[in-house]
Every structure is written in C-alpha cells, then in structure tokens.
1. When the range 22-36 is examined, which residues are found to be out of contact with any helix residue (DSSP H, G or I) (no Cβ under 9 Å at 6 or more places or on another chain) and closer than 19 Å to residue 58 by Cβ?
2. Is it true that residue 24 is over 25 Å from residue 107 (Cα atoms), crowded, with 18+ Cβ neighbours inside 10 Å and at pLDDT 95 or above?
3. Report, by residue number, each residue of the range 1-21 that is touching a helix residue (DSSP H, G or I) at 6+ places or on another chain (Cβ under 6 Å) and modelled with pLDDT of 95 or more.
4. So which of 52, 39 ends up being surrounded by fewer than 20 Cβ atoms within 10 Å (Cβ to Cβ) and either over 20 Å from residue 77 (Cβ atoms) or touching a strand residue (DSSP E or B) at 6+ places or on another chain (Cβ under 7 Å) (or both)?
C-alpha cells in the first residue's frame, strides 16, 4: 500500500504568503493538526503545526492575522515520497517525534499529508482483519480436523 493512499483525499496546505491566522483556520476547517506551506509551484517550503502555534505563537504576542506563516513554519521539513513504505514512514515519525509527514513527488510538490493517526488506523484495520481470519479459522475447525 502506498503512503499516499493513507492520506486524506486532499492535502491541507496554505501558501507561503498566507498569515498564521489563515493557516490556523485551514487546520480548524479541515480538522487536522498541520498544514503544508507551499510555494507558487506547490512545492513544500515548510510545515506549520499545532506545536508551532504553541511554541512560536502563544506566548510571543504575535498577531496571527498579520504574522506571515513563513516566519513561524518549521523548516527544513522531513518528507516522504511515493517510494516510502508505511512501515518506513511510521518508523521515521516515531523516531523523530513527528505527527505529520508531507508526501511529495520528485520535484518536492505536495501530494498529501500523512498523519500518525492515518498510519495507526491502517495498522489497526490490518490487525482486526487478521484477528477475524484467525477466529474464523478456529471456529471452523471441527472434529478430526
């Protein structure tokens, strides 16, 4: 399975010219904890997360309406490609304490935003299916079998 298949259908993103308020509104509207910050070509320039709001905005007295997201985004950004497997993405996210990982093409264009929630839900679904198969196997084993 491709990591892109695990992402929401449309990547949450804002322009590098957007304000922090625009980024926060996008996160709230899309019910996500991060947005990709993209340039005019759709390439990832940074990522803006709930942690950026807490660490860089909350106590700094910046006005989110007038503060450019490019000043508060996290950069450089760790990214995955279509060649990245779900296991590799999960290992990177756990090891680096990331909750979001942008998926990009070979030119750095944002294709999707992978969340740890997406990966964990996929793994839960796999394990549930395996458990159901094992339960079916055990319950069908009759006498002499």
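1. We begin by selecting, within the range 22-36, every residue out of contact with any helix residue (DSSP H, G or I) (no Cβ under 9 Å at 6 or more places or on another chain); these are 25-26, 28-31, 36.
25, 26, 28, listed by residue number.
2. Numbers: over 25 Å from residue 107 (Cα atoms): yes; crowded, with 18+ Cβ neighbours inside 10 Å: yes; at pLDDT 95 or above: yes.
It is true that residue 24 is over 25 Å from residue 107 (Cα atoms), crowded, with 18+ Cβ neighbours inside 10 Å and at pLDDT 95 or above.
3. 12, 14, 16, 18, 20
4. Values: 52 fails: surrounded by fewer than 20 Cβ atoms within 10 Å (Cβ to Cβ).
Just a single option satisfies the conditions, and that option is 39.
The values are calculated or read from the model by the stated rules, or taken from the named source; none is laboratory data. Note that the coordinates shown come from a computational prediction; the quantities given were computed from them, not determined experimentally. Glycine also receives a Cβ, built like all others from the backbone with ideal geometry; neighbour counts cover every protein chain displayed.
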